[in-house]
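Data block below; observations after.
The values are calculated or read from the model by the stated rules, or taken from the named source; none is laboratory data. Note that the coordinates shown come from a computational prediction; the quantities given were computed from them, not determined experimentally. Glycine gets a Cβ as well: all are built from the backbone with ideal geometry, and neighbour counts include every protein chain shown. Side chains included, ligands, DNA and RNA excluded: accessible areas come from the protein's heavy atoms. Shrake-Rupley method; radii C 1.70, N 1.55, O 1.52, S 1.80 Å.
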Amino acid sequence: MTGVHGGDPPVKGSADRRIALAAASGIDRLITRLCRFIVLVTGIALTVILTGNVVARYVLASGGIDAAQELPELLFPWFIVAGIALAAQAGGHLGVDWLYDRLGPRERVWLLHLVNAIVIASYLILCWQSLLLAESTWVQVSPVLKIPTSQGYLAVALGCLLLALAAACSSVRIASTGPETRFTLTYKET
């Protein structure tokens, strides 16, 4: 499956709306590129490291590579967080549309703005708390590689920030073009 960004739908209204929509689309594209890069790099690294360690267990007398035990633990949070942000942009997260389906177009817009406001506030609070945890765990390092264990909290903070930005971009898109355009990333079979 490959992801594609749909083009911006026509915007009725002021130049400010068109500028806001263009900015939101640019931010969405940046988030998508960053997250795809992180997923690709960490996914390949995880595969190579884990495969190499399995081979090393049979070839080396030491029974494997010590660093190969730590690296997946350090890379996995980045892999997961980037995937979560991509899923949110595509609407691939768990959602219940029961109420949404029973509302009219105007009420849907208000509901989506309310939900996005809650999402933005929640993720910004989680981002802040993750940064505080990262700061307090900065002195703890992994035994072999001596990498601060706080980097996992930094991954969560980045993910929360990206999710808040994606929700804000969604609200801009909804305000400019309607509730049908709340997600920017779509997947199609190839």
*Tell me, yes or no, whether the range 14-29 has at least one residue that is part of a loop (DSSP other than H, G, I, E, B), within 19 Å of GLU180 (Cβ to Cβ) and in contact with a strand residue (DSSP E or B) (Cβ under 9 Å, 6 or more places away or on another chain).*
no
*asked:* Quick test for you: out of GLY92, GLY52, GLY63, pick the one residue that is small (Gly, Ala, Ser), under 26 Å from LEU163 (Cα atoms) and out of contact with any Cys (no Cβ under 8 Å at 6 or more places or on another chain).
replied: GLY92
*Among the residues of the range 54-72, count how many are touching a residue at least 12 places away in the same chain (Cβ under 8 Å) and either open to solvent by 30 Å² or more (accessible area, probe 1.4 Å) or over 22 Å from GLY152 (Cα atoms) (or both).*
5
*Take ILE125 and decide whether it is within 30 Å of GLY26 (Cβ to Cβ) and either open to solvent by less than 50 Å² (accessible area, probe 1.4 Å) or of a type outside the set (D, E, K, R) (or both).*
yes
_Residue within the range 40-53 that is closer than 23 Å to THR181 by Cα, open to solvent by less than 30 Å² (accessible area, probe 1.4 Å) and in a helix (DSSP H, G or I) present_ = no
